[in-house]
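To keep things clear, I will list the structure first and then write my remarks on it.
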Amino acid sequence: MTGPPPAVAAVRVAVRRALADLEAGDLVLVACSGGPDSLALAAATAFVAPRAGLRAGGVTVDHGLQPGSAERAAQVAATLRGLGLDPVEDVAVTVAARGGPEGAARTARYAALETAADRHRAAAVLLGHTRDDQAETVLLRLARGSGARSLAGMAPSSGRYLRPLLELDRATVHTAATEMGFRPWIDPHNSDPSYARSRVRHDALPALERTLGPGIAAALARTASLLRDDADALDSWAEQAARDAEAPGEGLDVKVLADLPRAIRTRVLRRAAIAAGCPAGALTAGHVAGLERLVTRWRGQAHVDLPGGVAGRRVEGRIRFHG
Ligand SMILES: Nc1ncnc2c1ncn2[C@@H]1O[C@H](COP(=O)(O)OP(=O)(O)OP(=O)(O)O)[C@@H](O)[C@H]1O
């Protein structure tokens, strides 16, 4: 008896590993755009899930951004049904204008996936990001001057979102999709040079490969994974440090904060500002540096204004936040 081609086998193994912690009878939803990665993921899940005693469904989001998108979503739904994955939802999402179409579409997509997962009580939602997507993400964040948590890239698992293909390269996944008989739809945005990700994919990474040798995408993904471990360790240290520094309702003790390594102090301050109502995405390194000055280079300044109408103040040897 011959087994499946190697690329198909690799995708199935990756999916089997990602689903290993789920319990019999759990529902997994595959988020499928109709692109090669999420189609290969859907087909592998349709194969693996029943053998692991799991139920599997599919969800495709129609962003309504391009002409013919509704027909395409219907085709993806039909493909999912053909695989034996019940399309639990053909969600049409009206995209808000904020953040440009790319960012707004992503926000709307996650909201739609969240709704579908809640409604069907899914234990997991599977996303088709590959190692090359991870490398692109890391490079984009490196170009912004990000810290360890951000350079850790996309998590293999975060809440109920799982990314089973994150350790596989895109070429293997595309080979698997072809071997599974798909002729996938390729999103024209993927090659539109007005998107930074597209320029990274088509220009920056190939240029780095030529300069530094092949394997750069794998190396960037490995760095992300190492930094994830570091960021996890630093975050749990900061959690403990925040408990040590904080008296309930009285803010953070400046003496305790001053003795902490900077990486931990900035994390404690960030967490406290967010807990006080400051939106995480709006809190910049500059804001955190301002808070740090209240601790280590205080010259009697009154307060630091933060996004979301929050202010950090130094009062009687403590940093307090007011919403
Ligand atoms: N319209 C959509 N509906 C459902 N899931 C989506 C949609 N768009 C993206 N996703 C999910 O998010 C993942 C990453 O999306 P992204 O746009 O980066 O990939 P893509 O270029 O569409 O690739 P592919 O579909 O080949 O995975 C997809 O693999 C898929 O799991």
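Annotations for the structure displayed:
- With respect to the chain, whose longest principal axis is taken over its alpha-carbon atoms, helix 170-179 is tilted by about 20°.
- For region 248-322, the relative contact order comes to 38 percent (Cα pairs under 8 Å, sequence separation of at least 6).
- Kirkwood-Stokes translational diffusion coefficient of region 161-303, alpha-carbon pairs, 37 °C, 0.692 mPa s, µm²/s: 169 µm²/s
- In nm, spacing of pseudo-spin labels at residue 185 and residue 258 (7 Å Cα→C-beta vector): 6.1 nm
- Counting only Cβ charges, +1 for Lys and Arg and -1 for Asp and Glu, the dipole size of region 248-322 around its Cα centre is about 180 debye.
- Remark: C-alpha extents of region 248-322 on the principal axes read 28, 25, 23 Å, sorted largest to smallest.
- Projecting the Cα atoms of 191, 240, 225 onto the charge dipole of region 191-323, computed from C-beta unit charges around the Cα centre, puts 191 farthest toward the positive end.
- Over the chain: Rg over Rh, Cα atoms, Kirkwood Rh: 1.03
- The chain: relative contact order in percent, alpha carbon pairs under 8 Å with at least 6 residues between: 15 percent
- Built amide H within the under 5 Å cut-off of residue 306, gap 5+: 311, 312
- Longest segment of the chain lacking GluC sites (Glu not before Pro) that sit in a DSSP loop with at most 15 other Cβ atoms within 10 Å: 24-249
- Between 0 and 90°, nearest 10: helix 69-83 axis offset from the chain longest Cα axis: 70 degrees
- For the chain, a simple Cβ point-charge model (Lys and Arg +1, Asp and Glu -1, everything else neutral) yields a dipole of about 720 debye relative to the Cα centre.
- Residue ranges 5-11, 124-130 sort as 124-130, 5-11 when ordered by packing (mean number of other C-beta atoms within 10 Å per residue, highest first).
- Angle between the chain longest axis and helix 100-119 axis [Cα atoms, degrees, rounded to 10]: 80 degrees
- Electrostatic dipole magnitude of region 9-153 [Cβ: Lys, Arg +1; Asp, Glu -1; Cα centre; debye, to 20]: 320 debye
The numbers here are math on the coordinates, done by the rules we state, and not lab data. All figures in this text were calculated on a predicted structure; none of them were measured in a lab. When we count neighbours, we look across all protein chains shown, and the Cβ atoms used for this are built from the backbone with ideal geometry, even at glycine.
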